[in-house]
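Here's the structure we're looking at; comments come further down.
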Amino acid sequence: MQFKDLEAQYRRLKPEIDAAIQSVLESSHFIMGKPVFELEEQLAEYVGRKHCISCASGTDALQLSLMALNVGVGDAVFVPDFTYFASAGAVSMLGASVIPVDIDKTTFNISPEALNIEIKRVIDERKLTPKVIMPVNLFGLPADYAQISRIAYKYGMKILEDSAQGFGGSIGCQKACSFGNISVTSFFPAKPLGCYGDGGAIFVDDDELKSRLISLRAHGRSADDKYDNIEIGTNSRLDTIQAAILLPKFKAFKEYELDAVNYIADVYTDRLSRVKNITVPYVPDGYRSCQSQYTVRFKDESTRNRVRKALNEKEIPTNIFYPRGIHQQKAYEKMNWNSSLYPNTVKATETVLSLPIHPYLSEADVDRISEIIAESV
Ligand SMILES: *Cc1c(COP(=O)(O)O)cnc(C)c1O
């Protein structure tokens, strides 16, 4: 069994993907070929935004977005403590200050209450300018944008939505990647919509931000002269081959993969809800997750580890997303962040376990995994 079965997906889509790659080879437009623009247009339409700007990775998408928001030294960016390192790393790369915020213990997403407290603390300290809130749609579930938007408005801050794991999720009829002033996603192979290497995309409505991002991804070039560089940028583009691969994958994602993976999540939830001492993922009313991870919780660390071992013995792969909070990362050792400020993150790191999930997982496999969990818990 595989944690994410990319081979099963390739077997299903092989004719379309092979043809797409072949046609790029024959056109030899490897950089900024037609598929890149086609994909950008389709993605923007799907998430309901005016513009999509593709780039070389989710990390680059975050960094370019922070640059476009003029984030730098002296600015505070509020990031959930329980996330993949890239959310925080992108901020630090620009010389800005990461402010980790504890999570909500039921959704795993940034806690609006903790966010409010942290913003007030930064304002009172008068050392940094609170500039950006970066909610992460962790494991595929959109964050609480109703509350986060109110907080952003109150303090005049921007929202940068990290939807690297969240593409395809929604709240009501509004899709993930449409909740931030700027929103980003990642096409890393194991993400909900993945390519065959690295890739990412940025979504905005504002025309000026769009032009700025297009310039920044090509060394700050001016719009009408490639060799006239008007600011410092970087080189970050989505390869034409990756865009060509993403087009048929995106079609499958829309047509059946997103539904299939949600069905599998529902089967898990049905089976595991009958097991004692395990908490299944919570999806608030009106929310839809894209189920990039199916992450359950146990009552303590030793139970979690025991179940993980039992699954491992039956060759069922699992992961611990994530084993430590941002505040516990060695890279931030000098910050001396106190774990008592992040109780929900710390608890999550000790008790979570992510189970295999993807659109091609069978119900029989879910039954088997659930039985092993029930026996070992
Ligand atoms: C994967 C991920 C990123 C980074 O995306 P890459 O394409 O791997 O650079 C950023 N934030 C979160 C939450 C992620 O899961």
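A simple packing score, the average count of other Cβ atoms within 10 Å per residue, orders the peptides 337-343, 253-259 as 253-259, 337-343, with the highest score first. The accessible area of Ser362, taken with all protein chains in place and a 1.4 Å probe, comes to roughly 50 Å².
For region 322-377, the per residue solvent-accessible surface stands at 49 Å², with DNA, RNA and ligands left out and a 1.4 Å probe.
Full extension of the chain between Lys276 and Lys299 gives 7.3 nm of extra length, using 0.36 nm per residue less the Cα-Cα distance. The 3J(HN,Hα) values that the Karplus relation (6.51, -1.76, 1.60; θ = phi - 60°) gives for region 236-249 are, in residue order, 8, 10, 7, 4, 4, 4, 5, 5, 5, 5, 5, 4, x, 5 Hz. Gly and Pro appear as x. Accessible surface for Phe30 stands near 90 Å², nearest 10, in the context of the full protein assembly shown (1.4 Å probe).
Nearest 5 percent is fine: what portion of the DSSP beta bridges confined to the chain is antiparallel? Close to 60 percent.
Scanning residues 5 or more positions from Gly33 or on other chains, those with amide H under 5 Å from its amide H are Thr240, with H placed 1.01 Å from N in the peptide plane. Projecting the Cα positions of His327, Tyr360, Ile372 onto the charge dipole of region 322-377 (unit charges on Cβ atoms of Lys, Arg, Asp and Glu, taken about the Cα centre) puts His327 furthest along the positive direction. Ordering Gln147, Thr129, Ser163 by Cα displacement along the dipole of region 86-172 toward the positive end leaves Thr129 in first place; charges were set at the Cβ atoms of Lys, Arg (+1) and Asp, Glu (-1).
Relative to the Cα centre, the charge distribution of region 249-377, modelled as +1 at Lys and Arg Cβ and -1 at Asp and Glu Cβ, gives a dipole magnitude of about 500 debye. Charge dipole (Cα centre; +1 on Lys/Arg Cβ, -1 on Asp/Glu Cβ; no other charges) of the chain amounts to roughly 820 debye. Ranked from largest to smallest solvent-accessible area, with a 1.4 Å probe on the protein heavy atoms, Glu313, Glu113 come out as Glu313, Glu113. Taken about its Cα centre, region 104-232 carries a charge dipole of roughly 300 debye when the Cβ of each Lys and Arg holds +1 and the Cβ of each Asp and Glu holds -1. Amide H to amide H, with H built 1.01 Å from N, Ile99 comes under 5 Å of Val77, Phe78, Val79, counting only residues 5 or more places away or on other chains.
The values are calculated or read from the model by the stated rules, or taken from the named source; none is laboratory data. The model shown is predicted, which means the values in this text are computed figures rather than measured ones. Don't worry about glycine lacking a Cβ; one is built from the backbone with ideal geometry, like all the others, and counts go over all protein chains shown. Please note that ligands, DNA and RNA were not included when accessible areas were found on the heavy atoms of the full protein model with its side chains. Shrake-Rupley method; radii C 1.70, N 1.55, O 1.52, S 1.80 Å.
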